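Down below is the structure, laid out as structure tokens.
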Amino acid sequence: CEPETLKNPKIMKDGYIRMVIRSYYFQHWENIINQLTRYYYLFIEIPKHQDIKNSSAFFDIQHEFEEKTGISINDYFTVGFGVLANWYRKDLQNFSAIIPLQYFSKTKISDEKVKKCLELFTADIEKYKNEYKKDRMARRMEDSYAFLTMRKFPLFQLEDGKIIPLDIRFLVDKISSNIYWTIMEHQKTNGDRNRFTNFFGEIFEIYVIEIFQRIMHGTNRLHSKINYGKPEKESPEVILDYSPDFIFIDAKTSRLRLETVTTGDLALYNQDLEKCFFDSIKQMSNRINDFKNKEFPINGKHYKDGDKIWPVIVYLDDFPIDPVIWEYLNKKIAELKIPHLKNLEILDINELENIEAILSNNSGLSFLDILKEKNKGPFKNYSMNNYLYKTLKSVYLKIKPWIYSYFDDVISENLMETHFGKANNSSEPVRYPPDSSMKFRLGDLP
């Protein structure tokens, strides 16, 4: 920085916020199994629920994805998981390129499907050059740092036809969250983006509700979507009754735009906050106000003096949290005069999954205990994962979220048996590829 810049606190603080926003995008590393399993569950399992199928807002995700790509989501996951297994947690000494059709030759997937799927993942040097030029022309110069072309095609095809990954994180994103963006892209010219985003929001709400159902072990403390008033209004997705404490929880799929997180531009950040944060907390504040005005009861109980409400917003994607950012957000909350948000907590879905794992690990804690302890301690304005790591490190480092067991018990078996069969007609899961030394089972991974 120039000497004069160092003397200007506002410029320095703004610069720090930009750094935090970009760091969340470029340096965040989520557990690979968590991410893959979550998106499998969101796109494959929840849409099978009968109440989702019967919903007036139903959107055929499978059909739209296949119409855009020519392959099913299940085949997309299968091929994606398959190639990832070859490199996942391999050191350089054991690292090897893949000859695609040979790699999948002993599977039930046709060569045509393998080729079609890998075309979505793979580029050679000429394709990279052309795609990179298009990205640079379409976007701001700062976005060159986003590695957009490499994220779009995380597998690099060598001159001899073999493929290698440019980055495992890019490959995992392509297998998982890219399904969402593929369907969004298809809706630009071939459908209704709002209808898709609304439906996907419902799917995510169900995912969050199911987490809290497991956390609460079927007790009568949990309530979801209470309808009340005329015209009819709806409470937050989840309310937890720990009388005299009540936790109000909303689930949101809105996120900061790519242009925002790659540039850290504060003007863009403020625009995104209006849509994905302030709209959410205004809605939360209104629902808390309705409860305080006795417009609806919780478990037969109306609000009374002395009751305490804990608002929580759960996001599907990362939401940058840091003491300086909290100061920035609280200043804007005060300017907008939004009440009832004193104990506001922001979580991303990975943090909620980790909380579930801690609570199911006989920790003796409740969700309310975690909120209370974080709120009164030195980590109040840090992210939840920072708090969990610093204060519950011995438990945090050993946790295995529910989606770990779901991966082993369901996804691994489904992909193996449906598309690969059993190895040598035995009860053992097939290897990826069949002659590999690495089983594609979580429990067998180093």
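Sorting the segments 44-53, 108-117 by their mean number of nearby beta carbons within 10 angstrom, highest to lowest, gives 108-117, 44-53.
Between residue 190 and residue 105, the simple label model (points 7 Å from Cα in the Cβ direction) yields a spacing of 3.4 nm. For the chain, the solvent-accessible area works out to 49 Å² per residue, with a probe of 1.4 Å and every protein chain left in place. With all protein chains in place and a 1.4 Å probe, the accessible surface of the chain carries 49 percent carbon and sulfur. When peptides 71-81, 268-278, 371-381, 326-336 are sorted by average Cβ neighbour count within 10 Å, with the highest value leading, the order is 71-81, 268-278, 371-381, 326-336. Take 239-252, 26-39 and order them by the average number of nearby Cβ atoms within 10 Å per residue, most first; the result is 239-252, 26-39.
A crude spin-label estimate for the pair residue 214 and residue 57, with each label 7 Å from Cα along the Cβ direction, gives 2.3 nm. Using the Cβ-Cβ distance between residue 159 and residue 234 with R0 set to 56 Å, the FRET efficiency works out to roughly 0.45.
Can you list the residues of the range 296-326 with backbone N under 11 Å from a point 7 Å past the Cα of residue 289, pointing along Cα to Cβ? In the range 296-326, the label zone of residue 289 (backbone N under 11 Å from the point 7 Å along Cα→Cβ) covers no residue. Note on Cα Rg over 2.2 N^0.38 Å: of the candidates (1) 1.25; (2) 1.05; (3) 0.98, the value calculated from this structure sits at (2).
The values are calculated or read from the model by the stated rules, or taken from the named source; none is laboratory data. Worth saying up front: this structure is predicted, and the values here are computed from it rather than measured. Because the Cβ atoms are built from the backbone with ideal geometry, glycine has one as well, and the counts that use them run over all protein chains shown. Accessible surface is based on the protein model in full, side chains and every heavy atom, while ligands, DNA and RNA are left aside. Shrake-Rupley method; radii C 1.70, N 1.55, O 1.52, S 1.80 Å.
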